[in-house]
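For reference, the structure discussed in these notes is given below.
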Amino acid sequence: MRQSLQVSREKQCKEKPTGFARVFGDVANRTSQAAGHASTFIIAACVVIVWAVIGPLFGYSDTWQLVINTGTTIVTFLMVFLIQNSQNRDSAAIQVKLDELIRVSAARNSFVGIEHLTDDELEEIRTKCETRAQAEKTGEVSVEKTGEKARRAADRAGGRDNANPSRDKREILRYGHA
């Protein structure tokens, strides 16, 4: 399955989109870039300010309100598709990068391509990973506790009590050594 995913990705990379897909991709890229600039926000804010300022000239009529409502509805409707296109592109690029990192690292290669699984399958994997992480954390705490016990035992065997340093001082005063 991994090999078929890799082949399909390589095929997608080699094939250049044609016609409408290419034009839409180019327009979406340019629009996404433009929409993210501060100057675009300033222009939009200026349009709203101009609309508000000319309100008294039109007596705050229904037509005056319809202009801004229609304009914002159209922009919002179109931006939904452009934002989704950008998000899909970004997600696909991040997924390919993560897959490559998994492939070349010590991580489990079985995670490559899991984005194609169903929600239930992904939830099952997530639960297993969380359980494994919790078990590892519990193991680390257990090792730390064992190490601390060993240090205390070694200190006691050597005549020092780090848990009760005042005991060492009392012993030095009483016996001349700890």
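The values are calculated or read from the model by the stated rules, or taken from the named source; none is laboratory data. None of the values given here were measured: they were computed from a predicted structure. When we count neighbours, we look across all protein chains shown, and the Cβ atoms used for this are built from the backbone with ideal geometry, even at glycine. Heads up: the accessible areas ignore ligands, DNA and RNA and are worked out on the full protein's heavy atoms, side chains in. Shrake-Rupley method; radii C 1.70, N 1.55, O 1.52, S 1.80 Å.
So the values come out like this:
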read-out: Ile102 in a helix (DSSP H, G or I) and either open to solvent by less than 50 Å² (accessible area, probe 1.4 Å) or over 30 Å from Ala35 (Cβ atoms) (or both); value: yes
read-out: Check on Leu82, within 17 Å of Ala28 (Cβ to Cβ) and touching a helix residue (DSSP H, G or I) at 6+ places or on another chain (Cβ under 9 Å); value: yes
read-out: Set Phe41, Phe77, Phe20: member being over 25 Å from the mean Cα position of the chain (by Cα), at pLDDT 90 or above and surrounded by fewer than 11 Cβ atoms within 10 Å (Cβ to Cβ); value: Phe77
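Table: residues versus (1) open to solvent by less than 90 Å² (accessible area, probe 1.4 Å); (2) in a helix (DSSP H, G or I); (3) out of contact with any Gly (no Cβ under 7 Å at 6 or more places or on another chain).
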position	(1), (2), (3)
Phe81	no, yes, yes
Ser86	yes, yes, yes
Ser91	yes, yes, yes
Lys97	no, yes, yes
Ala107	yes, no, yes
Ser110	yes, yes, yes
Glu121	yes, yes, yes
Glu124	no, yes, yes
